[in-house]
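The values are calculated or read from the model by the stated rules, or taken from the named source; none is laboratory data. Here the structure is a predicted model, which means the values were calculated and not measured. Cβ: placed from backbone, ideal geometry, glycine included. Neighbour counts: every protein chain shown. With ligands, DNA and RNA removed, areas are computed over all heavy atoms of the protein, side chains included. Shrake-Rupley method; radii C 1.70, N 1.55, O 1.52, S 1.80 Å.
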Amino acid sequence: MSRIEGVLKALKGQGRKALIPYITAGDPHPDLTVDLMHTLVDAGADIIELGVPFSDPMADGPVIQLACERALKHGTSLRQVLAMVKTFREKDDATPVVLMGYLNPMEAMGQEKFADAAVDAGVDGILTVDLPPEEADEVAPLFTARNLDAIFLLAPTTTDDRIRAISEHSSGYVYYVSFKGVTGAGKIDVDEVASKVAHIHELTALPVGVGFGIRDAATAAAVGRVSDGVIVGSVLVDTIARNQADPEQLKRALSDLLHPMREALDSLAS
Amino acid sequence: MKLTEEMLKALPDARGHFGAYGGRFVSETLFDSLLTLEREYKRLKDDPEFQAEFDKDLAHYVGRPSPLYFAERLTRETGGAQIWLKREDLNHTGAHKVNNTIGQALLASFLGKKRVIAETGAGQHGVATATVCARLGLECHVFMGAEDVKRQSLNVYRMKLLGAEVHSVQSGTRTLKDAMNDAMRDWVANVDDTFYIIGTVAGPHPYPLLVRDFQSVIGRETREQCLAQAGKLPDALVACVGGGSNAIGMFYPFLTDESVEMYGVEAGGLGIDTGKHAAPLSAGRPGVLHGNRTYLMEDENGQIAATHSVSAGLDYPGVGPEHSWLKDIGRAHYVSVTDDEALDGFRKLTRVEGIMPALETAHAVAYAIKLAATMDKDKVVVINISGRGDKDIHTIAQLDGIEV
Ligand SMILES: Cc1ncc(COP(=O)(O)O)c(C=O)c1O
């Protein structure tokens, strides 16, 4: 059983929902990332999605675009991101880490080399935004062979046939993108998400995490009620941007954001 | 490798691959739209009504066929092979781009989409898109890097006159690649009612296929005209390569004619060895950007590199996947010329033939002159004059230190 599967199973057993924060590695500075990851865990994170910065983040809105630019300004490379995970693992070998990014940096490293390095660093899952399962026939076996979970996206536009096919290629969880748009844009329509996620649950046994548009305790609870976990990104990254000058205040601000979400999610259990 | 009709018919394959290149590397939200577009295009491609409409527009709105012109004086001065010019600069709106926008706008109409988006570098594709949208009454949004908005201001104003909204893109390097990023972002958010008219043979499948099909009219006409006027097939074709649409349009109908050599000319910028250029086929390596696997300019960590070219339309770090395939199998040659050589090409054609090429096109002109000089007098070189230079007058004047 993968670390991701283990955590999600345990949560399910307790009737709890996963809180999955996203931050971009290297933002605001590569030296801070590991610290911020521990902060996220202390504030209640069950799984961390760690963004690999890319020069052309086509699926992201301005907030994460700017995070990528900040990280790249400090030369944050995929190699360094892996080193950050390795350092994180020195103090935390329980919290799963999913690398989320775009295909080209992984290809540039070489897929096999990347897969080896990811396992060595203690990475648990890979989510490649611009890699649909149709194009993953070369890398998927590399991940499977190393017990790395391949996490794919589902969208409001995904047809039933594709939901089935994508789920078959996925392990760990599937990531449902709650609205049509880039990260940090639009408003989440909770009723629509509820009916779509219920439908996805009919088509796959995998846990369903929902991301895009979750920004506070209320949206976290509303989405947590109908899914297995919530992914929180742009609101955290925006907080990083606003507090980048003061690391201590930044950590407090991140905790202050996550804590109420954790509580709201856990209040669903009782 | 000798290419046959059967081999060409099999490409791209069902997943949109040309050998190792192409594909559909997009986020999930867009996937179903791409499948629908592919399905509808395959249906309409053989629909006589759609084809008749396309041909009619090319004839009466674009003004096709464009002439194949024997550049007698340039030939004499060069002292080698005969140089012929395929005059895409004479098309309505001034470049080859309109062949494709006519086709895609027609697709948009058949699909019932009322809102159109496009990316543009030099502004030629933006103008061509704004033009067809004005004619069809479609809402039009053009994304253009802030850097290009500055250097192609004439085209920006043309687009506005035509009723398009021009979005100045401030992210990244503020050029064509960033315009394409923002167009993709808009598309994800408006996928239900929006048709994305991509301006070159890049992007996810089926775009490289359908843009190539729409642009192939260039090569088909050239083939016929050359046989009729020069009495033989060309010995060499020369076209500039940004994303590669005018080049593939010229090359494609000749791919099985083994005697025809093909040269795609990339932007060498300040020189390939300076790193300041836009020549992924000459100096890049395969990677994935904007929905397809292809040759790219990138750093050792897989970050897309900043490009440089005097011409906005060639200032792009990627290239259409079919060109990557043609390079690997050796069917086409990919070369580069520098900014300075291109500017010389611009001046030469202007002064010797009275034809002012776009700065993009000037790259092809510069290389073709060098090439023709090494060839016998009975050989025929055809340059694809992909566009006219009116839009570049400000840039040229600025380089000359003149205010216009
Ligand atoms: C006149 C002209 N030629 C060539 C190009 C480059 O595009 P492509 O390589 O797709 O033909 C452009 C692009 O803006 C252009 O305006």
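So, of the residues in the stretch A:214-241 that are part of a helix (DSSP H, G or I) and without any contact (Cβ under 8 Å) to a residue 60 or more places away in the chain, which turns out to be surrounded by the most Cβ atoms within 10 Å (Cβ to Cβ)? Working first, answer last.
So the first thing to find is which residues in the stretch A:214-241 are part of a helix (DSSP H, G or I), and the list is A:217-224, A:234-241.
Filter once more, so that each one left must be without any contact (Cβ under 8 Å) to a residue 60 or more places away in the chain: A:217-219, A:221-223, A:235, A:239.
Values: A:Ala217: 19, A:Ala218: 13, A:Thr219: 22, A:Ala221: 21, A:Ala222: 20, A:Val223: 28, A:Val235: 19, A:Thr239: 18.
Looking at residues that are part of a helix (DSSP H, G or I) and without any contact (Cβ under 8 Å) to a residue 60 or more places away in the chain, I get A:Val223.
Here are the criteria: (1) within 14 Å of chain A (Cβ to nearest Cβ); (2) within 13 Å of the ligand (Cβ to nearest atom); (3) hydrophobic (A, V, I, L, M, F, W, C). Tell me which single one B:Phe143 does not satisfy. Of the numbered conditions (1) within 14 Å of chain A (Cβ to nearest Cβ); (2) within 13 Å of the ligand (Cβ to nearest atom); (3) hydrophobic (A, V, I, L, M, F, W, C), the odd one out for B:Phe143 is (2).
May I ask you to say which residue of B:Lys2, B:Lys42 is open to solvent by 60 Å² or more (accessible area, probe 1.4 Å) and not in a loop (DSSP other than H, G, I, E, B)? Give the derivation first.
On the way: B:Lys2 fails: not in a loop (DSSP other than H, G, I, E, B).
Going through B:Lys2, B:Lys42 in turn, the sole match is B:Lys42.
Going by the conditions given, is B:Lys276 in contact with a Gly (Cβ under 7 Å, 6 or more places away or on another chain), open to solvent by 50 Å² or more (accessible area, probe 1.4 Å) and of a type outside the set (Ser, Thr, Tyr)?
So B:Lys276 passes the test.
When you look at B:Gly163, is it small (Gly, Ala, Ser), farther than 18 Å from A:Thr183 by Cβ and open to solvent by 10 Å² or more (accessible area, probe 1.4 Å), yes or no? Criteria met by B:Gly163. Condition first: touching a Ser or Thr at 6+ places or on another chain (Cβ under 9 Å), more than 14 Å from chain B (Cβ to nearest Cβ) and open to solvent by 30 Å² or more (accessible area, probe 1.4 Å). Can you find one or more residues in the stretch A:167-180 that meet it? Among the residues of the stretch A:167-180, at least one is touching a Ser or Thr at 6+ places or on another chain (Cβ under 9 Å), more than 14 Å from chain B (Cβ to nearest Cβ) and open to solvent by 30 Å² or more (accessible area, probe 1.4 Å), which makes the answer yes.
Specify which of the listed residues (A:Glu69, A:Glu49, A:Glu112) is over 13 Å from the mean Cα position of the chain (by Cα) and more than 14 Å from every other protein chain (Cβ to nearest Cβ).
Values: A:Glu69 fails: more than 14 Å from every other protein chain (Cβ to nearest Cβ); A:Glu49 fails: over 13 Å from the mean Cα position of the chain (by Cα).
Only one candidate qualifies: A:Glu112.
Looking across the stretch A:188-213, the residues that are open to solvent by 10 Å² or more (accessible area, probe 1.4 Å) and either in a helix (DSSP H, G or I) or within 12 Å of another protein chain (Cβ to nearest Cβ) (or both) come down to A:Val190, A:Asp191, A:Glu192, A:Ala194, A:Ser195, A:Lys196, A:Ala198, A:His199, A:His201, A:Glu202, A:Leu203, A:Phe212.
Regarding the stretch B:321-330, can at least one residue be identified that is open to solvent by 10 Å² or more (accessible area, probe 1.4 Å) and farther than 25 Å from B:Pro12 by Cα? No.
Consider A:Arg146 carefully, then state whether it is within 13 Å of another protein chain (Cβ to nearest Cβ), basic (Lys, Arg) and in contact (Cβ under 8 Å) with a residue 12 or more places away in the chain. Answer is no for this residue. For the stretch B:397-404, does any single residue satisfy the condition of being in a helix (DSSP H, G or I), within 16 Å of the ligand (Cβ to nearest atom), hydrophobic (A, V, I, L, M, F, W, C) and in contact with an Asp or Glu (Cβ under 8 Å, 6 or more places away or on another chain)? No: the stretch B:397-404 contains no residue that is in a helix (DSSP H, G or I), within 16 Å of the ligand (Cβ to nearest atom), hydrophobic (A, V, I, L, M, F, W, C) and in contact with an Asp or Glu (Cβ under 8 Å, 6 or more places away or on another chain). The residue that is farthest from A:Ser178 (Cα to Cα), counting only those in the stretch B:18-37 that are open to solvent by 20 Å² or more (accessible area, probe 1.4 Å) and more than 9 Å from every other protein chain (Cβ to nearest Cβ), is B:Gly19. Only a single criterion out of (1) among the β-branched types (Val, Ile, Thr); (2) open to solvent by 10 Å² or more (accessible area, probe 1.4 Å); (3) within 23 Å of B:Asp32 (Cβ to Cβ) is not satisfied by A:Ile163, namely (2). Checked against (1) in a helix (DSSP H, G or I); (2) under 30 Å from A:Thr76 (Cα atoms), B:Ile248 passes all but a single condition, namely (2).
Being within 14 Å of another protein chain (Cβ to nearest Cβ) and either buried (at least 24 other Cβ atoms within 10 Å of the Cβ) or within 13 Å of the ligand (Cβ to nearest atom) (or both): is that true of B:Gly203 here? Judged against the criteria, B:Gly203 is a match.
Only residues that are over 16 Å from B:Leu210 (Cβ atoms) and either within 14 Å of another protein chain (Cβ to nearest Cβ) or near the ligand (Cβ under 9 Å from one of its atoms) (or both) were counted across the stretch B:237-259, and they come to 5. Residues that are open to solvent by less than 10 Å² (accessible area, probe 1.4 Å) and under 16 Å from the mean Cα position of the chain (by Cα) were ranked within the stretch B:178-200; the one that is nearest to B:Gln104 (Cα to Cα) is B:Ile197.
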